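Beneath this line is the structure, given in structure tokens, with notes to follow.
Values in this text are rule-based calculations from the coordinates and carry no lab data. All values derive from a computational prediction rather than experimental measurement. Reconstructed Cβ throughout: ideal geometry from the backbone, glycine too, with neighbour counts over all protein chains shown.
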Amino acid sequence: MKTVKWGILGLGKIAQYFVEDLLKVDNAELYAVASRSLTKAEEFSNNFQAKKAYGSYEELYKDDNVDVIYIATPHAFHYQNALDAIKSKKAVLCEKPIALNAIQAQEMIEAARTHNVFFMEAIWTNFMPHLDKTLEISSEKRYGDIKHINAEFCFKANYDPKGRLFNPLLGGGALLDIGMYPVFLSLKLLGIPKEIKATQKQAKTGVDMETSIQFIYPNGATAILFCSFDKTTPSEAIIEFENATVKLHSRFHQTDEMSINYNGSVEYFNFNYRHRGYNFEIQHVQDCLSKGLTESPKLTLDFSLSLMKILDEIKTIAEASPLS
Ligand SMILES: NC(=O)c1ccc[n+]([C@@H]2O[C@H](COP(=O)([O-])OP(=O)(O)OC[C@H]3O[C@@H](n4cnc5c(N)ncnc54)[C@H](OP(=O)(O)O)[C@@H]3O)[C@@H](O)[C@H]2O)c1
């Protein structure tokens, strides 16, 4: 397989974790890094031995040697960064959430299809062994149908009104940052709900500090989902099938542990990752590129659009019923 030359755009916290995994993936090359600051790009490049360090994102878009750009900026910039990269005919892996809303997501997807370039949302959970196993159990109906999902993702965040988590100008709020994972899980396992109920508690900046969600499905299945920047919880997911309970251990979106309780006997799985877990999505993108695909069959753009539409809907419902 040909070496894939990666370009990293936006050199914050997640870019660093991602690159640490990328360096351990076969046929992946950290080719270029781009920051708004050349000094920062050079420092990052020295730490991880990238071939090129750019002090602007535009230079990365223009580099003909780059095979794929990983966008790791705050959510508010995914739309513009992805459009710029796509229009430069670059394949794009864009951090979650793909955009701030479904209108932006739709335009980005149409641009990728028009320019015939690979585009995918970086929902790393989608490529992890514990999710594969859960989907397999569900689709084979080994334990019957799913009756209920209970999933949450919460951590006590330091309140900084200018930081990414609370600043509305950077796309702040718990729902888009961490609540998207429980919503993703429900969408993946049960599809689109027929009814959504939601409430939120707001931070002083006006973004959601926490959001509580209930999904009701046409077959009677339900999901209770929760996210918060105001408290730390185990952040597990419990999936109740007709005949067994599947637990994705803490933190469920990135875990290598899961268990199945069937008739009181518990089967335990540990997938023992050697990496943080970004390697799975990195490998998948490289596989797609080597096959000449412009879209992942495992995480389609239509799925990302549906997810964004549901997040929009939850936001609208929750904003209309805030908790004091
Ligand atoms: N998949 C995961 O596990 C995971 C985990 C955490 C975050 N994320 C996602 O990754 C994205 C980035 O999160 P992060 O925690 O890495 O954020 P971060 O540490 O704040 O880094 C974001 C980077 O974006 C660039 N940027 C461009 N314009 C900016 C602006 N106006 N203000 C601030 N930064 C700006 C900066 O890089 P330069 O200064 O180099 O240009 C900054 O370092 C978010 O969308 C988040 O949802 C994903």
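Annotations for the structure displayed:
- Sum of side-chain charges, Gly144 neighbourhood, beta-carbon under 13 Å (Lys, Arg +1; Asp, Glu -1): -1
- Shown in residue order for segment 149-163 are the 3J(HN,Hα) couplings computed by the Karplus curve 6.51 cos²θ - 1.76 cosθ + 1.60 at θ = phi - 60°: 10, 10, 9, 9, 9, 9, 8, 7, 9, 5, 7, 10, x, 8, x Hz (x for Gly and Pro).
- Tensor-based shape of segment 1-102 (alpha-carbon gyration tensor, a/c under 1.5 rounded, otherwise prolate or oblate): rounded
- Rounded if a/c under 1.5, otherwise prolate or oblate - segment 96-189, Cα gyration tensor axes: oblate
- Considering only the chain, percent of DSSP beta bridges that pair antiparallel, nearest 5: 50
- Vicinal HN-Hα couplings computed from phi for segment 92-100 (Karplus, 6.51 cos²θ - 1.76 cosθ + 1.60; Hz; Gly/Pro x): 9, 10, 10, 3, 7, x, 4, 7, 7
- Amide H contacts of Lys231 (H built 1.01 Å from N, under 5 Å, at least 5 apart or other chain): Phe155, Lys156, Ala157
- The Cβ shell under 15 Å around His253 holds other residues with a net charge of -3, Lys and Arg each +1, Asp and Glu each -1.
- FRET efficiency for the Ile216 to Asp132 pair, using the beta carbon distance and R₀ = 30 Å, is estimated at 0.65.
- Cα gyration tensor category, rounded, prolate or oblate, for segment 126-273 with a/c compared to 1.5: prolate
- Residues Glu313 and Arg142, FRET efficiency given R0 of 45 Å [Cβ-Cβ distance, rounded to 0.05]: 0.90
- Label positions at Lys87 and Ser290, each projected 7 Å from the Cα along the C-beta direction, are separated by 3.4 nm.
- Model label sites at Ile238 and Lys2, defined 7 Å from Cα along the beta-carbon direction, differ in position by 5.0 nm.
- For a label point 7 Å along the Cα-to-beta-carbon line of Asn263, residues of segment 116-143 with backbone N under 17 Å: 142-143
- Sites Arg276 and Asp230 - FRET efficiency at Förster radius 41 Å, r taken between beta-carbons, to 0.05: 0.95
- Per the Debye calculation on the chain with a single equal scatterer at every Cα and no solvent contribution, log₁₀ I(q)/I(0) for q = 0.09 Å⁻¹ amounts to -0.47.
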